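Heads up: the structure comes next, in structure tokens.
The values are calculated or read from the model by the stated rules, or taken from the named source; none is laboratory data. Model, not experiment: these values are computed from the prediction. Note that we place each Cβ from the backbone using ideal geometry, even for glycine, and neighbour counts take in every protein chain shown.
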Amino acid sequence: MITKETITQAVKELCLQANINVRKDVTAFLKQAKEIETQDNACFALDVLIKNAEIAADEQKPFCQDTGYVTVFFEWGAKVALIDDLQKAVDEGVKLAYKEGYFRQSIVSDPLFKRENTGDNTPGLINFEIVSGSEVKVSILIKGAGSDNASNLVMLNPTVGTKGVEEAVLELVKQKGARSCPPLLIAVAVGGSFDKAGQASKKLLFRKIGERNDNPKIAQMELDLLDKINKLGIGPGGLGGRATAMDVFINQKPCHMATMPVAINICCHAVRTAEAVLR
Amino acid sequence: MISIKVPVSSDICELKSGQQVEISGDLLVFRDQAHKRLVCELALNNKLPFDLENQAIFYAAPTETKPGGIIGSIGPTTSTRMDDFTKPLLEKGIKLLIGKGPRRKQVKDSLIKNKAIYLVTVGGAAAFLSKHIKKVKIIAYQDLGPEAVYLIKVEKFPAIVAIDCNGKDIFERS
């Protein structure tokens, strides 16, 4: 049986894990990129990031100071009973993790006026989906402001095609890539609607570096865009070099005939995701 | 390796965009909200809670400190958010700005005019950078929580000159 306590515990553990341990595909990428870079400053940045991951794991401290805000995706099996107050269960988990991990509390209430720190990094943001089955999958995404500020959602004309989408992504990376802690992970969600595209782009960040979309045409588009981005010269830390992006993920969903919603989620190298399946 | 001491007494205009340096001495650590307050104080001709002459600003806000530790994790935040507040601080004697990412033209012009430089360090390398910090004190605006003004003592803090005194900018590539 899944209880409030099960959820709280899972959220807590996943937040701790995501903020302290750099994803394995990311460290593998950084090491590989260092072999390819030729410029001093690019190698310096990659070297620092590789050491940073080791220090964070050794000392059990967050690898980035912006321990961000927490988004929780629930894929809740239809055969599992719902719990009474999911938001409370999630917030309790966030609160415990951010206290125990000595993470930064970065969430403010009343953003328009007082901008008062909530003091425990809550509320967590919840995306809830009912799926078939008797399990609950909890997926946590923690994102800092630096790269979220660089993200964008554009409602393009329905006639722009792949070229229009590519141009929008390239333009955004050109404008904001250097400031948002490259090498970046770029998730592009096409279709759905204004709100659903944003959510879908977040979910895409769970994909591992090197994994391609099943649709061969989209897979090719991902590789082409990655190549174009890595020719911009922005490089690790924005200091110049080849590794501007670690990967580009694209997916699509049906949309209205008159729209082409495109959510371009720019994520820094500090990709913080963690997942667990509860039974 | 080129070293820079803070408070700045040497001629930092000898440094060139793209050079790697190590910074030792005291850094003022603050960002968005503290900038807003300081610039308000300056506009009202009020006395500031700390001196800016020959000092360095590191745009950052650390995680919490574990018991027995000096500081939590700390790394640079996106500098361009501070662009609109930077000119008056440079005019009051700030010599080094440390953060990440490009700056707008107004900052560059003010750096040239005030013979100051902008440096970047590696964003998201907060566990690594915290090893270079030897002392930490909150000196103003404690109510801002993580965004309060800290004075930190650093040793061989690694950075790269991004915009030098002549306005040459590492982020402008031909």
Worksheet item: For A:K253, are the conditions met, namely being in contact (Cβ under 8 Å) with a residue 60 or more places away in the chain, more than 30 Å from A:I2 (Cβ to Cβ), surrounded by fewer than 18 Cβ atoms within 10 Å (Cβ to Cβ) and charged (D, E, K, R)?
Response: no
Expected single match for among the charged types (D, E, K, R) and closer than 18 Å to A:L30 by Cα among A:K196, A:K231 is A:K231
Expected single match for under 27 Å from A:A45 (Cβ atoms), at pLDDT 95 or above and either away from chain B (no Cβ under 14 Å) or surrounded by fewer than 22 Cβ atoms within 10 Å (Cβ to Cβ) (or both) among A:D224, A:D214 is A:D224
### Query
Residues in the stretch A:42-65: is at least one assigned to a loop (DSSP other than H, G, I, E, B) and either modelled with pLDDT under 95 or more than 9 Å from every other protein chain (Cβ to nearest Cβ) (or both)?
no
Against the definition (crowded, with 20+ Cβ neighbours inside 10 Å and within 14 Å of another protein chain (Cβ to nearest Cβ)), how does B:A61 come out, yes or no? yes
Going through (1) over 14 Å from the mean Cα position of the chain (by Cα); (2) assigned to a strand (DSSP E or B); (3) on the phi > 0 side of the Ramachandran plot one by one, B:S3 fails only at (3)
Pairing a residue in the stretch B:7-26 that is more than 13 Å from every other protein chain (Cβ to nearest Cβ) with any residue that is among the aromatic types (F, W, Y) and surrounded by 14 or more Cβ atoms within 10 Å (Cβ to Cβ), where Cβ atoms lie under 6 Å and the two sit 6 or more apart in sequence or on different chains, gives B:I23/B:F157
Subset of the stretch A:110-135, residues within 13 Å of chain B (Cβ to nearest Cβ) and charged (D, E, K, R), comes to A:K114, A:R115, A:E116, A:D120
In the set A:G238, A:G233, the lone residue that is out of contact with any helix residue (DSSP H, G or I) (no Cβ under 8 Å at 6 or more places or on another chain) and either at pLDDT below 95 or crowded, with 19+ Cβ neighbours inside 10 Å (or both) is A:G238
Residues of the stretch B:147-174 being modelled with pLDDT under 95 and either at the interface with chain A (Cβ under 8 Å from one of its Cβ atoms) or crowded, with 17+ Cβ neighbours inside 10 Å (or both), in sequence order, are B:R173
Note: among B:L119, B:L144, just one is surrounded by 18 or more Cβ atoms within 10 Å (Cβ to Cβ) and in a helix (DSSP H, G or I), namely B:L144
Quick one: would you say B:K66 is within 21 Å of A:Q105 (Cα to Cα), part of a loop (DSSP other than H, G, I, E, B) and of a type outside the set (A, V, I, L, M, F, W, C)? yes
So, first residue within 14 Å of chain A (Cβ to nearest Cβ) in the stretch B:28-39, second residue of a type in the set (S, T, N, Q), Cβ within less than 7 Å, six or more apart or across chains; the pairs are B:R31/B:T77
Note to self: When you scan the stretch B:98-112, do you find a residue that is touching a residue at least 60 places away in the same chain (Cβ under 8 Å), more than 14 Å from chain A (Cβ to nearest Cβ) and assigned to a strand (DSSP E or B), even just one?
What the structure shows: no
Picked from the stretch B:113-139 (must be among the hydrophobic types (A, V, I, L, M, F, W, C) and farther than 15 Å from B:A60 by Cβ), the residue farthest from the other protein chains (Cβ to nearest Cβ) is B:A116
A:A28 fails exactly one of (1) over 21 Å from A:L184 (Cα atoms); (2) away from every other protein chain (no Cβ under 14 Å); (3) over 17 Å from the mean Cα position of the chain (by Cα); (4) in contact (Cβ under 8 Å) with a residue 24 or more places away in the chain, namely (1)
Restricting the stretch B:73-88 to residues that are part of a helix (DSSP H, G or I) and crowded, with 24+ Cβ neighbours inside 10 Å, the one nearest to the other protein chains (Cβ to nearest Cβ) turns out to be B:S79
Over the stretch A:256-279, the set of residues among the polar types (S, T, N, Q) and surrounded by fewer than 21 Cβ atoms within 10 Å (Cβ to Cβ) is A:T259
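Residue by residue, here is whether (1) within 20 Å of A:L14 (Cα to Cα); (2) acidic (D, E); (3) in contact (Cβ under 8 Å) with a residue 24 or more places away in the chain; (4) not in a loop (DSSP other than H, G, I, E, B) holds:
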position	(1), (2), (3), (4)
A:D84	no, yes, yes, no
A:A89	yes, no, yes, yes
A:N121	yes, no, yes, no
A:I140	yes, no, yes, yes
A:A178	no, no, yes, no
